[in-house]
1. 5 Å is the cut-off here: which amide hydrogens, built 1.01 Å from N in the peptide plane, fall below it relative to B:Leu194, excluding neighbours closer than 5 in sequence?
2. Calculate the mean, over all residues of peptide A:3-11, of how many other protein chain Cβ atoms lie within 10 angstrom of the residue's Cβ.
3. What is the pair-distance distribution P(r) of the protein assembly as shown, computed from all Cα-Cα distances in 20 Å bins starting at 0, with each bin given as a whole percent?
4. Aspartates and glutamates within cross-link reach of B:Lys156: Cα-Cα under 15 Å, excluding same-chain residues under 8 positions apart?
5. Taking the alpha-carbon distance from B:Lys159 and a cut-off under 30 Å, which lysines remain once sequence neighbours fewer than 8 residues away in the same chain are dropped?
6. I'd like the Karplus ³J(HN,Hα) series for the range B:220-232: coefficients 6.51, -1.76, 1.60, θ = phi - 60°, whole numbers in Hz, and an x wherever there's a Gly or Pro.
7. Averaged over B:77-87, how many beta carbons belonging to a partner chain fall within 10 Å of each residue's beta carbon?
8. Provide the net charge surrounding B:Thr210, with neighbours chosen by a C-beta distance below 13 Å and charges set as Lys +1, Arg +1, Asp -1, Glu -1.
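The values are calculated or read from the model by the stated rules, or taken from the named source; none is laboratory data. Bear in mind the structure is a predicted one, so any value in this text is a computation, not a measurement. All Cβ positions, glycine included, derive from the backbone under ideal geometry; neighbour counts span all protein chains shown. All accessible areas refer to the heavy atoms of the entire protein, side chains included, with ligands and DNA or RNA removed. Shrake-Rupley method; radii C 1.70, N 1.55, O 1.52, S 1.80 Å.
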Amino acid sequence: MEKFVNEYLSTIDRQSTAVPRSYKILLFPSYLSTPHKIRCTISSSFGAAIRFDEFSAKWDIEVSFTSNKITEEVLPRLSNTGVP
Amino acid sequence: MQVQGADTHIVNINFITRDFYDRYEKIITALSRATNFRLDADFSRFIDLTAGDVRLVDVSFAYISEGKDTVYRIPCLWLFASNSSLEFTREKARALALQHYRSIMENAVQTAPIQMLSGTLEAYEKLLEAANLAEQHLQTFLDNNPILIEPSFKGKWTKGDLRRFRLPEADFLLKTSDNRFVVVELENPTDRLLNASTLGPSAELRMAETQITNYLSDIQNGILTYRNSFDRDLSVENVSGQVIIGRSSRLSADQKKAFDKHVSTLNYSVITYDELLQRNRAFLDNLGIRYGGFRAK
């Protein structure tokens, strides 16, 4: 998963070498124009997720595993009354 | 919402639980420019990922948990239906990156001119606020961004170009899309605009006015030569002058009135560096009113 994310980011970087940095910040979504902390989650039951989180000095990738279904793991889940 | 297939993306949405929304409805509807989704407490029910992948870009979540308000934003949450290593190869990563890059650039082509103008204007505003601001800094900036002087310009000649054509050596000559020519003379932002005691034009302003008058009269006197040697569209009627000088933000209300009155009598335009900013800001605001607000990323 880490290799996948690194390859994805370096391909975007290679493609955009001709775009000046000041324009890149304007044109690209923030998660692709500035380094972020990235949390990858792989579910053993269903799916996987890559979450671009807060800004970071450099790209920082972390991988974890879960047995929950991926949407249940990475999205907030509360009861209907708003209480966990 | 059932998601199937590749490259689905959901942008700029607030996912808000019903109880949170009910509590803060007024604030949310007044301040939010994103789409607000009010939903039951289980967020995972909103996205039923059955195949492919979905990217949630610039999404926010707001809910009440254990009596406490919780609000946070995620720059991007990329969800995949598969967990197979075959779906996360380098080749797949490259293919997805290329696909996303193309989509960003296609989108950028449609919004870039306005976003760039907005960015340029911000940079100009910062430059005006800089300590030790010199004429040379503004000259370089406006040389790179003549759109701020004349939004419909389609050609620009600098002092060096004008020298080669033996035209009067103003700072720039701009040609507009409707074949008008604007001779631009940039003066120092620190130049005084008015004489403090008489409220008449200052010596620096007088000098700039003499300079632009001479440039315009030189072009008009040599119009036949310049039409042949420079541009066939040039004529006495379609050449105008533009002086940019000083800072109106440093004038009192009375001084500003006196300055406006003086420049209204001239047959060329004189504006300050602050007025140039205001003019472009108004232009962007008008575009925003007509075509919707612009969001800085």
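1. Amide H neighbours of B:Leu194, under 5 Å, 5+ apart: B:Ser202.
2. Other-chain Cβ atoms within 10 Å of each residue's Cβ, averaged: 6.
3. Whole-percent P(r) values from 0 Å outward: 22, 39, 26, 12, 0.
4. Those aspartates and glutamates meeting the cut-off are B:Asp143, B:Glu169, B:Asp171, B:Asp178, B:Glu185, B:Asp231, B:Asp233.
5. The reachable lysines, counting only those whose Cα sits under 30 Å from B:Lys159, are B:Lys126, B:Lys175.
6. 5, 5, x, 4, 5, 5, 5, 4, 7, 8, 10, 8, 5
7. Mean shielding by partner chains, rounded to a whole number: 6.
8. -4
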